[in-house]
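**Q** Pasting in a structure now, in structure tokens, and then I'll have a few things to ask.
The values are calculated or read from the model by the stated rules, or taken from the named source; none is laboratory data. Keep in mind that what you see is a predicted model, and the values were worked out from it rather than measured. Glycine also receives a Cβ, built like all others from the backbone with ideal geometry; neighbour counts cover every protein chain displayed.
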């Protein structure tokens with residue numbers, strides 16, 4: 001009898017909690033909304049001074065292909081930097097030097113202080 005009563009009691013206690021949830025698709029969404037403890041790097045000049053793995057969001061133009069595969073030259077109002085964009089991030093979209101893009105990624109500091117941006121997200125703004 002105890003073997004049946006314990007699961008039944010647990011089910012009875014959980015049912016009101018499940019019935020009270022009123023979210024989209026039954027999956028709660030959200031996260032933190034507020035100030036960050038570190039400023040987001042938003043210009044090429046800031047990225048050139050940033051430490052390795054610093055998060056950045058840059059807005060500007062991809063002006064040309066870089067020296068290696070998946071490398072491009074990105075330019076904003078403060079300067080230019082090499083960016084590493086995996087082919088899959090283009091997702092079939094064509095980007096020209098006339099397009100404004102927003103790149104989300106991290107600063108990658110190589111040997112001898114060479115810096116590039118390892119891009120995680122590519123957005124076409126215009």
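**Q** Quick one: is residue 95 in a loop (DSSP other than H, G, I, E, B) and either surrounded by 10 or more Cβ atoms within 10 Å (Cβ to Cβ) or modelled with pLDDT under 95 (or both)? If you could, list the steps in order and put the result at the bottom.
**A** Numbers: in a loop (DSSP other than H, G, I, E, B): yes; either surrounded by 10 or more Cβ atoms within 10 Å (Cβ to Cβ) or modelled with pLDDT under 95 (or both): yes.
Yes: the conditions hold for residue 95.
**Q** For a quick check of your reading of the model, give me the residue pairs whose first member lies in segment 83-105 and is over 19 Å from residue 116 (Cβ atoms), whose second is in a loop (DSSP other than H, G, I, E, B), with beta-carbon atoms closer than 8 Å and at least 6 apart or on different chains.
**A** 99/125; 99/126; 100/125; 100/126
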